[in-house]
Structures are given as C-alpha cells and as structure tokens.
Amino acid sequence: MLIKQMTVGTMAVCCYIVGCEDTGEGIVIDPGGDDEKVIDMIKKEKISIKYIVNTHGHPDHVCGNSRLKEETGAPIVMHEEDVAFFARSDMENYFSMLGLAASPPPDKSVKDGDVLEVGNLSFEIIHTPGHTPGGICLYSKPHLFSGDTLFVGAIGRTDFPGGDMAIFMRSINERLLTLPADTIVWPGHGYGGSQSTIEKEKKSNPFLKGDW
C-alpha cells in the first residue's frame, strides 16, 4: 500500500493519497485545498484515482472535491447521513462563513460496513457519528484513516451543528478502540502528530480517560 500524507489548505487538513502498488488504482481522502499540489502528487506517483472520499462533510475536508473530480473523473463518496445533512440550506448558509469552496453533491453514498474496493485494497467504512452525523473512518488493516474522529493525543470537536459528545465518545470507544492495538492511525489533522496507533491512543490520549 502506498500512502502519501499531505497537509493542505488554510485549516491544515491531512489529505491522503492511498494507492494499490500492484494495480496503480487509488483513492484521495479529504482533499482540503492546495488542489494542484494534490494533483501533482497523484501524477508523480502515477495513481489512477477511483474514488474521492470525504470522512465528513465539513468544508475544510471537501473544498478540493470539485477540482479533484474535474481532474480525475472519480466519484465523490460520503456517508449517507452527511450527504443529507450538508445539503440542508441552513447548513450551507452556516458553513459558508468559512469562505471555502463548496463541494458538488456526492456521487456515491455509503453506510457502516460498506467496503470500497480499490485495486487489491479494501477499505471498510466505519460510521463514527458525533463530530458530524455521517462521520466515517476508513479501515484497511492495519491502517485507519480516522478523519476528525481521532487525532494524535486528541479528538475532534463537537460544538458545530450536528455534533454530539456522548454519541462521539461511543463511536470512539466502541468502533475504534476495539480495533487491534497495532492499528496505525492516520488523522484528519496533524495537531499532535502525523500518525499514531490505537494502543498509544488508549494509553496516552487525555480525551479518552474520562467516564463517558
């Protein structure tokens, strides 16, 4: 598996280009800006992009969708609950304050347990609501692309519309911390570091120590 982690955009999103080294097929996860930089990396690595996947619908994670779709022709993928939530006019108006480019409507919706096949790679969709209603992580053992659900030494925020701390902590505890200890965590922002493991986060992440 080829993994290229790139920090992009005004909000320092961790965008990932993940490719199958056998077939050359790949995905882009969370194109959050600096579109030409991402496209240049795709070309450099000679990856044929099959999907553009958003871990959730916040503008900082989707603002590169339009340009990446134009360049690659790949469909945009998002969880069905975020497709509906971020299509609401009140949500469009609320998040327009961030001044980031809007995404075209997603082409493909997914739900918990769905699998995206990319070359010889398989990415399981793990629904982790709480940051947004349709937040997801992508799991391709031993790699977890955790979006804004789990960071290195931190977790995502829940004070935006659609956030819920109790639901969020259940998502983390029941869906992520039950994965194998050696699972490699690739976060949606590199606030505390560029990668971690489930074992390290269980031992040292202060946000996971409370009684939820």
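Taken together, the values in this text are just the output of simple stated rules run on the coordinates, not laboratory data. The structure displayed is predicted, hence computed values, not measured ones. A quick note on method: Cβ atoms are made from the backbone with ideal geometry, for glycine too, and the neighbour counts reach across all protein chains shown.
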Work from the charge dipole of the stretch 2-208 (Cβ charges, +1 for Lys and Arg, -1 for Asp and Glu, about the Cα centre) and give the residue of Val28, His56, Ser140 farthest towards its positive end. Ser140
Under 8 Å for C-alpha pairs, at least 6 residues apart: give me the relative contact order for the stretch 1-93, rounded to a whole percent. 22 percent
Normalised by the residues of the stretch 108-177, what does the relative contact order come to in percent, with Cα pairs under 8 Å and at least six apart? 26 percent
What's the magnitude of the charge dipole for the stretch 2-208 around its Cα centre, counting Lys and Arg as +1 and Asp and Glu as -1 at the beta-carbon? Answer in Debye, nearest 20. 380 debye
Gyration tensor on Cα atoms of the chain, a ≥ b ≥ c root eigenvalues, a/c under 1.5 rounded, else prolate if a/b beats b/c, else oblate, says oblate
Centre separation in Å (Cα based) which lies between the stretch 167-201 and the stretch 6-30: 18 Å
